[in-house]
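The values are calculated or read from the model by the stated rules, or taken from the named source; none is laboratory data. All of these numbers come straight from a predicted model, not from anything done at the bench. Methodologically, a virtual Cβ is constructed for each residue, glycine included, from the backbone with ideal geometry; neighbour enumeration extends over all protein chains shown. Quick note on the areas: whole protein, heavy atoms, side chains included, nothing else; ligands and nucleic acids left out. Shrake-Rupley method; radii C 1.70, N 1.55, O 1.52, S 1.80 Å.
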There are 2 protein chains.
Amino acid sequence: MRPLFHPTTDQITVEGILHALSDPVRAAIFAEIAGASCPMTCSAFLTIKDRDIPKSTLSQHFKALRDAGLIHSERSGVEMRNTSRCADVDKRFPGLLPAVLAAHARQRVMPKRR
Amino acid sequence: MRPLFHPTTDQITVEGILHALSDPVRAAIFAEIAGASCPMTCSAFLTIKDRDIPKSTLSQHFKALRDAGLIHSERSGVEMRNTSRCADVDKRFPGLLPAVLAAHARQRVMPKRR
DNA sequence: TCAATAGTTCGTATATCCGGGACTATGGGA
DNA sequence: TCCCATAGTCCCGGATATACGAACTATTGA
């Protein structure tokens with residue numbers, strides 16, 4: 001099992017952030033982690049947005065968030081403690097995250113007309 | 001040739017916007033269109049960011065921006081007039097576009113360390 | 001009518017994404 | 001110490017998306 005990769009603050013890219021957050025499941029996961037007051041495990045998201053996510057898929061989503069620099073993950077015993085890297089991202093791209101999170105929140109309130 | 005599709009303002013989604021702008025070429029195209037004072041043609045971007053884009057690829061990029069609701073395109077004679085839909089997007093997701101464009105601009109100034 | 005220009009569409013090669021199943025790592029009993 | 005359960009990761013096949021060359025369409029001008 002290879003060690004977890006985390007980009008440094010100045011290796012974070014806008015493309016990476018936007019790509020990671022352009023997936024609704026990842027965006028939901030990140031929003032929860034960012035809003036939580038303590039680290040969250042991966043398996044806390046096996047069901048999210050009223051649907052089940054296979055754990056292999058979930059693992060890939062976490063890797064995507066990690067690679068983008070959005071979260072920090074560290075093993076703690078048998079599980080993983082995931083925390084957001086909002087501060088790092090905000091240092092590199094001030095205001096980006098709040099705007100994206102606000103947009104996602106707004107969409108949840110006002111879904112697109114069908 | 002099928003007619004051009006443009007989503008209505010409330011059909012615009014965050015995922016769509018973020019996905020469209022997570023590609024550096026599309027982000028650059030959109031930034032220029034958004035900053036221009038008059039409509040721009042597609043072929044104005046056959047070279048961008050010091051590289052040549054095949055026109056079939058370029059056409060797909062424009063379609064992606066259009067489908068996301070980021071630009072409006074209309075035929076004018078033999079060419080296409082592309083304008084940004086910043087106002088529409090901003091009505092649906094206030095503050096999102098300025099934040100993303102600012103982040104892209106910042107990255108241009110402070111590229112990631114290599 | 002013909003040629004030139006601007007974009008689109010199609011076909012194919014390539015890359016990325018999804019998810020099932022096997023695997024690894026850690027911790028808690030008996 | 002030896003299992004077993006739990007939390008995640010890795011691998012691989014199928015599905016989906018993306019890139020780009022080549023052929024096509026539409027419009028204008030000569």
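Suppose we filter the range A:25-34 for residues that are of a type outside the set (A, V, I, L, M, F, W, C) and crowded, with 16+ Cβ neighbours inside 10 Å; how many remain? Let's see the steps before the verdict.
First, the residues of the range A:25-34 that are of a type outside the set (A, V, I, L, M, F, W, C): A:26, A:32.
Remaining after also requiring crowded, with 16+ Cβ neighbours inside 10 Å: A:26.
The total comes to 1.
Just to be sure I understand, how many residues within the range B:93-114 are within 18 Å of A:L21 (Cα to Cα), assigned to a helix (DSSP H, G or I) and either touching a Ser or Thr at 6+ places or on another chain (Cβ under 6 Å) or open to solvent by 40 Å² or more (accessible area, probe 1.4 Å) (or both)?
Counting residues in the range B:93-114 that are within 18 Å of A:L21 (Cα to Cα), assigned to a helix (DSSP H, G or I) and either touching a Ser or Thr at 6+ places or on another chain (Cβ under 6 Å) or open to solvent by 40 Å² or more (accessible area, probe 1.4 Å) (or both) gives 3.
Just a yes or no: is a residue in the range B:70-86 open to solvent by 40 Å² or more (accessible area, probe 1.4 Å), of a type in the set (A, V, I, L, M), without any contact (Cβ under 8 Å) to a residue 12 or more places away in the chain and within 16 Å of DNA strand D (Cβ to nearest atom)?
Yes: the range B:70-86 contains one or more residues that are open to solvent by 40 Å² or more (accessible area, probe 1.4 Å), of a type in the set (A, V, I, L, M), without any contact (Cβ under 8 Å) to a residue 12 or more places away in the chain and within 16 Å of DNA strand D (Cβ to nearest atom).
Is it true that some residue in the range A:40-63 is of a type in the set (S, T, Y) and closer than 30 Å to B:R108 by Cα?
Within the range A:40-63, not a single residue is of a type in the set (S, T, Y) and closer than 30 Å to B:R108 by Cα.
Give the residues of the range B:61-89 that are near DNA strand C (Cβ under 8 Å from one of its atoms) and among the acidic types (D, E), sorted by residue number.
B:E79
So which of A:L4, A:L65 is open to solvent by 30 Å² or more (accessible area, probe 1.4 Å), in contact (Cβ under 8 Å) with a residue 40 or more places away in the chain and among the aliphatic types (A, V, I, L, M)?
Every option except A:L4 fails the conditions.
Could we say that A:A28 is within 12 Å of chain B (Cβ to nearest Cβ) and aliphatic (A, V, I, L, M) here?
Taking the combined requirement at face value, the residue satisfies it.
State which residue pairs qualify: first residue over 24 Å from A:C86 (Cβ atoms) and inside the range A:101-114, second residue open to solvent by 60 Å² or more (accessible area, probe 1.4 Å) in any location, beta carbons under 6 Å apart, and separation of 6 or more residues or different chains.
A:K112/B:Q11
Among residues belonging to the range B:7-25 that are in a loop (DSSP other than H, G, I, E, B) and within 12 Å of DNA strand C (Cβ to nearest atom), point out the one that is nearest to the other protein chains (Cβ to nearest Cβ). Before the answer, list the steps.
So in the range B:7-25, the residues in a loop (DSSP other than H, G, I, E, B) come out as B:7-8, B:12-13, B:22-23.
So of that shortlist, the ones also within 12 Å of DNA strand C (Cβ to nearest atom) come out as B:22-23.
Numbers: B:S22: 4, B:D23: 7 Å.
Filtering the range B:7-25 for residues that are in a loop (DSSP other than H, G, I, E, B) and within 12 Å of DNA strand C (Cβ to nearest atom), the one nearest to the other protein chains (Cβ to nearest Cβ) comes out as B:S22.
When you look at A:I53, is it touching a residue at least 12 places away in the same chain (Cβ under 8 Å), more than 14 Å from chain B (Cβ to nearest Cβ) and in contact with a Leu (Cβ under 7 Å, 6 or more places away or on another chain), yes or no?
Values: touching a residue at least 12 places away in the same chain (Cβ under 8 Å): yes; more than 14 Å from chain B (Cβ to nearest Cβ): yes; in contact with a Leu (Cβ under 7 Å, 6 or more places away or on another chain): yes.
The answer is yes for A:I53.
Do you know which of the residues in the range A:19-38 that are in contact (Cβ under 8 Å) with a residue 60 or more places away in the chain and in contact with an Asp or Glu (Cβ under 9 Å, 6 or more places away or on another chain) is nearest to B:L101 (Cα to Cα)?
Per the criteria, the residue is A:L21.
Working carefully through the options A:L46, A:L58, find the one that is open to solvent by 20 Å² or more (accessible area, probe 1.4 Å) and either within 12 Å of chain B (Cβ to nearest Cβ) or within 12 Å of DNA strand C (Cβ to nearest atom) (or both).
Values: A:L58 fails: open to solvent by 20 Å² or more (accessible area, probe 1.4 Å).
Matching residue, one of A:L46, A:L58: A:L46.
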